[in-house]
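Worksheet: the structure to be examined is printed underneath.
The values are calculated or read from the model by the stated rules, or taken from the named source; none is laboratory data. Predicted model, so just to flag it, every value in this text is computed and none were measured. Neighbour counts run over all protein chains shown; Cβ positions are idealised from the backbone, glycine included.
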Amino acid sequence: MTVKVLDSWALIAFFEDEPAAEQVEDLLVNAEDGTQKLLLCVVNWGEVYYNMMRKVSQEVAEQKAKEMAGLTIEIVGVDNENLDLARQAAIYRATRKLSYADAFAAALAKIRNAELVTGDYEFKQVEDEIKIDWLK
């Protein structure tokens with residue numbers, strides 16, 4: 001079973017019905033039927049929430065939070081059990097031109113040996129270390 005990490009860019013594209021939405025929908029269908037596993041760092045979950053709140057409203061952000069809860073995506077937390085995730089994100093933030101939230105998506109992909117799903121070209125900074133499934 002393949003494992004993929006969703007960046008917030010992918011979910012925002014899906015929720016806003018952008019051109020990459022169909023690709024993301026295919027990934028969600030594959031996760032639902034068990035042929036693929038999808039991961040999302042809780043930091044990136046928060047990024048989707050604040051993006052929806054900022055662009056539209058808190059009500060819409062809450063609606064999208066409920067929709068995310070209904071998707072077959074494992075939310076990975078940042079806690080004492082995942083200090084390696086926080087450490088790798090900090091390393092990426094300190095050594096690459098990545099935002100802190102993006103550093104968590106990249107770190108999760110690296111630690112879980114998964115492919116990162118995004119259309120955010122900021123991730124070119126880590127393309128030499130992690131596999132990236134570029135959305136269009």
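Here are some notes:
- Residues of segment 57-97 classified as within 17 Å of the chain's Cα centre (by Cα) and hydroxyl-bearing (Ser, Thr, Tyr), total: 2
- Filtered residue count, segment 100-116, keeping only those that are crowded, with 20+ Cβ neighbours inside 10 Å and of a type in the set (D, E, K, R): 2
- Any hit, segment 23-40, residues being surrounded by 14 or more Cβ atoms within 10 Å (Cβ to Cβ), touching a residue at least 60 places away in the same chain (Cβ under 8 Å) and over 13 Å from the mean Cα position of the chain (by Cα): yes
- Residues satisfying the stated conditions in segment 74-102, i.e. in contact (Cβ under 8 Å) with a residue 60 or more places away in the chain and among the acidic types (Asp, Glu): 102
- Residue list for segment 74-99, restricted to those being touching a helix residue (DSSP H, G or I) at 6+ places or on another chain (Cβ under 7 Å), within 27 Å of residue 35 (Cα to Cα) and buried (at least 16 other Cβ atoms within 10 Å of the Cβ): 76, 78, 85
- Output for segment 101-135, where each listed residue is in contact with a strand residue (DSSP E or B) (Cβ under 8 Å, 6 or more places away or on another chain) and assigned to a loop (DSSP other than H, G, I, E, B): 112, 113, 114, 119, 130, 135
- Sub-6 Å Cβ pairs linking a first residue in segment 123-135 that is at pLDDT 95 or above to a second residue that is in a strand (DSSP E or B), at least 6 apart or interchain, are 123/132; 130/116; 131/115; 132/116; 133/115; 133/117, ordered by first then second residue.
- Pair list, Cβ under 7 Å, 6 or more apart: segment 1-22 residue more than 21 Å from residue 106 (Cβ to Cβ), other residue in a loop (DSSP other than H, G, I, E, B) and of a type outside the set (Lys, Arg): 1/35
- Selection from segment 45-73 of residues that are touching a residue at least 24 places away in the same chain (Cβ under 8 Å), surrounded by 14 or more Cβ atoms within 10 Å (Cβ to Cβ) and not β-branched (Val, Ile, Thr): 45, 46, 47, 51, 52, 64, 68, 71
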